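What follows is a short report on a single structure.
What follows draws every value from the coordinates through simple rules; no lab data is involved. Remember, predicted model here, so these are calculated numbers, not experimental data. Here the Cβ positions follow ideal geometry from the backbone for every residue, glycine too, while neighbour counts run over all protein chains shown.
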Amino acid sequence: MSWKHRGFLALAVSSALTASAIALPAPVAGAAPGAGASTSLDLSSGNRRAAVSGLYDWSKAGYRGGMNLPGDGDINSSQTCQITPQELSSQYNVKPNDSADDSAGLQAAIDAIKSSCSNSASYTKLSLITLPAGELVVTRELHVDADYLVIRGAGMTATKVVYRPDPNTLYDTLTEDNSDWDEDGMTSGSGKGGWLWPGRGLFRVQSRGVHSSYQSDFSSAPANRKDIFEGTVNVHWKSGVKLRAKPGDTGFSARTGDRVVYLASSGSISTLTAGSLVNIRAANTQKFYQEQQALPTTFPLLNMHMRQQIFTIASVNTSQRTITLDKPIEFDVPVTSTSDGSPAIGGATYDSKAAPLVDPVLGVGFENFGFTQDMPNLNRAEAINNYGNMDPRAEMHGIVFKWAADSWVRGMKAEMTGSHPIVTEEAKNLQIVHNELDGSWNKGKGGNGYFRGSRVWDSLYAGNTSRNLRHFTFQWSASGNVVIGNDFDSDLNLHGGWERNNLFELNTVKVNYGHRSGNCRANCGDEGGGGPDDSNWFPIWWGAGRKAVKWSGASGYRNVFFNNTMTKQLATNGPFQEYYPDKQRIYIFGWNGTGYKHLDIGGTPIADWAKNEQRDYTGGHGVDATKTDSAKSLFLKSAGGK
């Protein structure tokens, strides 16, 4: 295999290579700086390629399965459903540049749209709240749960929302060493702060619906705990339907490639309706952990649903008690955590479920304004290349999507958020395009400061610029997503949890030497709560089973890297050296050509990606590089100048 086909970085620093690593030619020194994000790509459905043989079909990624983002012609002409800057001022007391708290007024405007317009709105009849130019102040999380609503500013630098979390918003429960938010220690009644995961934000696109079982707890909860119970109408342990084995396949309700899921023989299935969204959630099993090369391990195995995916229900057969999904399932679905023949995890049997999104939020867009989290007690310069938490109480995100679909973020500018500027948790068909994200106050222990796609499916991230964040991540079963034409100074991070079938192409990734876990000055560590290591972060990070089992499990199969410009600096002021440089080679991680393959060295699975980033995993060791493509893009028919 030639150097170009090997596709990994050769280092001039020979001490970084172990004796078992393959010797490579000298790197190309002085690689050109990043060309910047590509904001002119034609992302329309007509410019999308059919699926390349042997790869996932990404043609339906993004808003409404590949449709263009809305324009002015899609805004409801009714003045009731358009709130202007003048109306924000006169009716809701939201006035720019007066230093007053605008939280109540902005929430009241959103709630007015929800009560008056959302029920009759649609993707082509959107409501609109237009923010004024100038600075607005927000002190608590804004709940954007009005379907089909656009919140639009006067420009990414003309309108700025400044977040100053009040005492009821800041986390008042930290871990024992005060290094991170302690979600499990933050309790109220029968609820835990972990139900808020991924945490509080400035804007939260999520239902506020409270399940009847938690109404009493919600009513009695103090102001800083009420949000624990909001959205519980969607939680899988309340809305989810248990499963039964499919005919002729003892122990499994569905297999990879199936569209029909067999529901338990008793219990209500009224919440599962044709055209609605459902999350198929497969229980972890010890055999599944074994497949990931995660065993043996000193870390506790988790009874949970690592394998998940949101589908649209195509049809329901009430007499047979089955649902048919809009597309094939990407993983086997055991009935329980032991039905595949595995011993119980922690002595308990855990059920797989078909969990309907009882109250999803649909059609919400953020456009053309900026936001930041004001931390007057901290110095922004101290956050540069500092992968620790500077103020764990204030680990607030920017925009949170949870139980949401067919929504977007376009033309936004995020500066110094508390943690993640944009984050997902159970979301589908999002489009995150042409945004500028710069900096986070907390990028350390517990997994903070990411541009984060968790439990996100069929979404499109295009033309974004990201600076001074910890990672761009897909994790926790994220699948079917496309990352194209972005400019990052942090790694493309497959963080673990069986994420699969994601495409990274035409991105510029330039990772400087300062971008590494050990570069940290307070509250340092990883998502699993452990300490930093002494490795370098390269342009790609992959979740090995023995390492990632600490917080989830291994990265999954068929994650594809194609035609990216990736460079890494390995010393202060040193040259930037090429990484995976072959532009026509398709690098398929976690794949042997026909099925999942954990990355290995000489047949032994790697325990950690750290310090193994430069090895050759092609030729049957976990990265399938047998395919090439002469086009510039696997996703688009024409990629312009890229």
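Sorted into 10 angstrom bins from 0, the C-alpha pair distances of segment 129-265 split as 10, 28, 25, 22, 12, 3, 0 percent. According to the Cα-based calculation, Rg over Rh for segment 182-223 is 0.96, with Rh computed by the Kirkwood formula. Per residue, the convex hull spanned by the Cα atoms of segment 465-528 amounts to 83 cubic angstrom. Peptides 49-56, 428-435 ranked from most to least packed, by the mean per-residue count of other Cβ atoms within 10 Å: 428-435, 49-56. Its convex hull of Cα atoms gives the chain a direction-averaged projected area, equal to a quarter of the hull surface, of 27.5 nm². Taking 4 °C and 1.567 mPa s as conditions, segment 393-526 diffuses translationally at an estimated 89 µm²/s according to Stokes-Einstein applied to its Kirkwood radius (Cα pairs). Just round it to a whole percent: the fraction of Cα-Cα distances in segment 379-422 exceeding 17 Å. Tail of the P(r) past 17 Å holds 44 percent of the pairs. Beyond 27 Å in Cα-Cα separation lie the following of the pairs LYS327/LYS547; LYS287/LYS353; LYS114/LYS160; LYS402/LYS568: LYS327/LYS547; LYS402/LYS568.
Spacing of the modelled spin labels on ALA631 and THR256, each 7 Å from Cα toward Cβ, amounts to 2.5 nm. Modelled this way, with points 7 Å down the Cα-to-C-beta line, the labels at LYS192 and ASN119 are 3.8 nm from one another. Based on Cα atoms of segment 363-468, Rg over Rh with Rh as the Kirkwood radius reads 0.97. Across all Cα pairs in segment 217-311, the calculated P(r) in 10 Å bins from zero up to the longest distance comes to 12, 34, 30, 19, 5, 0 percent per bin.
Across segment 35-182, the relative contact order, built from alpha-carbon pairs under 8 Å that are at least six residues apart, equals 19 percent.
With all projection directions averaged, the alpha carbon convex hull of segment 505-642 covers 9.7 nm².
A Förster radius of 41 Å, combined with the Cβ-Cβ distance separating SER216 from ALA344, puts the computed FRET efficiency at roughly 0.80.
Near PRO334: Cβ cut-off under 15 Å, other residues only, Lys/Arg at +1 and Asp/Glu at -1. The net charge is +1. Here the residues GLU395, GLU176, GLU425, GLU135, ranked from fewest to most Cβ neighbours within 10 Å of their Cβ, fall in the order GLU176, GLU135, GLU425, GLU395. Working note: Cα gyration tensor of segment 34-184, eigenvalues times five, square-rooted, sorted largest first, giving semi-axes of 32, 26, 17 Å. In a fully extended conformation the segment linking SER99 and ASN47 would gain 14.1 nm over its present Cα-Cα distance, using 0.36 nm per residue.
P(r) tail for segment 99-205, what percent of Cα pairs lie past 22 Å? Result for the distance tail: 45 percent. The calculated 222 nm mean residue ellipticity attributable to helices in the chain amounts to -1500 deg cm²/dmol, summing -39500 (n - 2.57) over DSSP H runs of n ≥ 4 and dividing by all residues. Compactness of segment 250-397, taken as the C-alpha radius of gyration over 2.2 N^0.38 Å, stands at 1.43. Convex hull volume per residue, computed on the Cα atoms of segment 61-109, equals 132 Å³.
Annotation: the residues TYR262, TYR148, sorted from fewest to most other C-beta atoms within 10 Å of their own C-beta, follow the order TYR262, TYR148.
Structural descriptor for segment 402-528: relative contact order 21 percent, calculated from alpha carbon pairs under 8 angstrom and at least 6 residues apart. Using a cutoff of 8 angstrom between alpha carbon atoms and counting only pairs six or more residues apart, the relative contact order for the chain works out to 15 percent. For segment 453-569, the Cα-based Rg and Dmax, in that order, read 13.7, 37 Å.
The share of Cα pairs per 10 Å bin across segment 311-390, counted from zero up to the longest distance, runs 11, 22, 19, 19, 22, 7, 0 percent.
Here the 3J(HN,Hα) profile of segment 391-397, calculated from phi with Karplus coefficients 6.51, -1.76 and 1.60 at θ = phi - 60°, is 7, x, 4, 10, 6, 8, 8 Hz, Gly and Pro shown as x. The residue list VAL364, SER633, SER207 was ranked by how far each Cα lies along the charge dipole of the chain toward its positive end, using unit charges on Cβ atoms, and SER633 comes out on top.
For segment 240-305, a crude dipole built from +1 on the beta carbon of Lys and Arg and -1 on the beta carbon of Asp and Glu, taken about the Cα centre, is about 120 debye to the nearest 20.
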